[in-house]
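A short write-up of the structure that comes next.
The values are calculated or read from the model by the stated rules, or taken from the named source; none is laboratory data. Nothing here was measured: the structure is a model prediction, and the numbers come from that model. Cβ atoms come from the backbone with ideal geometry, glycine included; neighbour counts cover every protein chain shown. Note: areas computed on protein heavy atoms with side chains; ligands, DNA, RNA excluded. Shrake-Rupley method; radii C 1.70, N 1.55, O 1.52, S 1.80 Å.
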Amino acid sequence: MDKNLIQRTLSGLVYVAVIILCTSPLGAQLINSISPGLVRQEYLYFGLITLLLGVGSWECFKIMKFGKGYERFVVFPLVLFIFYIFSKRYFHFDFFYDFRLSEILAMVLILIAVVTLFKYPNELYYDSGKLIFIVIYVALPFSFALGLPKFSRFDDRFTLEVLFLFVLIWSSDTFAYLTGKFFGKHKMAPKISPKKTWEGYIGGVILTLVLSYFIEKYQHDLRGNWMVVGFLVAAFAPVGDLVESQLKRNFAVKDSGNIIPGHGGVLDRLDSFLICVPVVYLYFILEKFI
């Protein structure tokens with residue numbers, strides 16, 4: 001068997017296992033079965049998101065090739081400051097999914113950052129533009145990810161919104177790939193991602209909606225309607241892939257990193273997650289008023 005395939009398979013299984021353990025009560029149950037009362041699930045999840053934020057920020061920093069200006073010294077303190085603000089809300093149970101001007105502004109900034117990447121890429125060749133882009137593209141989505149699950153300090157409840165978000169993203173990518181491989185004829189974005197086709201995109205949407213139906217039917221504790229969440233994920237997950245592909249293309253980089261052998265870096269694995277998180281978070285806000 002191909003050595004690279006073995007490496008890719010093993011690292012992929014480890015990656016999936018870490019995601020499952022840190023986004024569901026299984027992680028805390030496993031650790032506490034060895035040493036009772038050692039950790040709560042919300043701390044495992046927070047640790048995961050913090051790690052991904054740190055590595056993702058570093059990868060984006062390396063991709064964008066900062067110059068010698070002061071901006072390179074400001075990037076990580078600013079990223080950590082933004083994340084700290086959201087972390088306070090996380091640990092104080094302050095994510096109530098009501099309209100806040102700061103949250104809506106953050107959503108708008110993410111949209112502006114994406115448009116800038118595609119329409120005005122020259123703006124990102126300045127260190128100030130790179131600084132702003134990293135904060136918006138990396139720090140804000142990971143910060144919003146803290147607001148997706150719910151938990152209680154009085155019991156072991158930890159809701160599974162993030163776990164099933166990952167499941168839908170993985171299914172969307174897989175279904176789109178398989179549908180595109182067998183039926184794809186019309187290129188979606190040939191200059192950015194030559195293998196993506198409209199047939200694959202449509203197949204990914206349809207088959208992810210089928211999976212979403214079963215999640216909605218059997219997972220009654222989840223927030224929102226997961227048929228809607230499934231559609232949003234299937235619609236926007238490919239956008240996340242295109243955004244990261246365009247970023248790497250602009251700066252002539254093949255992979256964001258090599259932390260996951262055979263799969264690349266954190267941004268390579270979580271490109272869809274970075275776009276889907278704010279979209280799903282916004283839906284959870286709006287869902288309260290519908």
Farthest toward positive dipole pole in segment 75-205 [+1 Lys/Arg, -1 Asp/Glu at C-beta], among T159, A176, Y125: A176
What's the FRET efficiency of Y125 with L101 using the Cβ-Cβ distance as r and R₀ = 30 Å, to the nearest 0.05? 0.45
Which helices count as membrane-span-like in the chain under these terms: full DSSP H, at least 27 Å along the axis by C-alpha, Kyte-Doolittle mean of 1.0 or more? 3-23, 71-91, 161-183, 266-287
log10 I(q)/I(0), Debye, Cα-only segment 26-76, no solvent, q = 0.23, 0.25, 0.28 Å⁻¹? -0.82, -0.90, -1.00
Taking the inverse of the average 1/r across all pairs of different Cα atoms in the chain, what Kirkwood radius in Å do you get? 19.9
Considering the chain as a Gaussian network with a 10 Å cut-off on Cα pairs, which listed residue, G27, G67, G47, attains the greatest mean-square fluctuation? G67
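Among the listed pairs K65/K88; K185/K248; K181/K248; K119/K191; K65/K254; K191/K248, which are separated by more than 21 Å between their Cα atoms?
K65/K88; K185/K248; K181/K248
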Could you give the spread of the C-alpha atoms of segment 176-221 along their three principal axes, from largest to smallest, in whole angstroms? 42, 19, 11
Hey, if you put +1 on the Cβ of every Lys and Arg and -1 on every Asp and Glu Cβ in segment 85-227, which of H186, F91, G147 ends up farthest toward the positive end of that dipole? H186
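In debye, nearest 20, what is the charge dipole magnitude of the chain about its Cα centre with +1 on Lys and Arg Cβ and -1 on Asp and Glu Cβ, if you could check?
On the way: 28 positive and 22 negative charges, 141 e Å.
Rounded to the nearest 20 debye, it is 680 debye.
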How many angstrom separate the Cα center of segment 187-202 from the Cα center of segment 82-128? 28
Neighbour-limited loop hits for chymotrypsin sites (Phe, Trp or Tyr not before Pro), segment 23-72 (at most 14 other Cβ within 10 Å; DSSP other than H, G, I, E, B): Y70
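If each DSSP helix of 4+ residues adds -39,500 (n - 2.57) and the sum is divided by the residues in the chain, what number results at 222 nm, nearest 500 deg cm²/dmol?
Working: 11 runs with 199 residues, N = 290.
Per the formula, -23500 deg cm²/dmol.
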Positive-end residue, the chain charge dipole about Cα centroid, Cβ charges, pick of I6, V55, L207: I6
What distance in nm lies between label points placed 7 Å from Cα along the C-beta direction at F284 and Y70? 3.7
Dipole magnitude (debye, nearest 20) for segment 138-278, charges at Cβ of Lys, Arg, Asp, Glu: 460
Rounded to the nearest 20 debye, what is the charge dipole size of segment 201-273 about its Cα centre when +1 sits on each Lys and Arg Cβ and -1 on each Asp and Glu Cβ? 60
Carbon/sulfur accessible area of the chain, % of total, 1.4 Å probe, equals 68
All other residues with a Cβ under 14 Å from the Cβ of H263 taken together, and with Lys, Arg as +1 and Asp, Glu as -1, what is their net charge? -4
Under 10 Å, Cα contacts only: if you run a Gaussian network model on the chain, which one of I34, I169, I260 comes out with the highest mean-square fluctuation? I34
For segment 264-280 and segment 1-60, write down the distance between their C-alpha centroids in whole Å. 16
Hey, what did segment 197-290 get for relative contact order, percent, Cα under 8 Å, at least 6 apart? 27
At 37 °C in a medium of viscosity 0.692 mPa s, segment 187-290 has a Stokes-Einstein diffusion coefficient, with Rh taken as the Kirkwood radius over alpha carbon pairs, in µm² per second, of 218
List the trypsin sites (Lys or Arg not before Pro) in segment 1-75 that DSSP assigns to loop (not H, G, I, E or B) and whose Cβ has at most 13 other Cβ atoms within 10 Å. Which are they? K65, K68
For segment 167-250, report the accessible area per residue in Å² (1.4 Å probe, heavy atoms, rounded to an integer). 54
Reduced Cα scattering model of segment 75-187, Debye log10 I(q)/I(0), q = 0.13, 0.16 Å⁻¹: -0.72, -0.95
In percent, what relative contact order does the chain have, based on Cα pairs under 8 Å that are 6 or more apart in sequence? 22
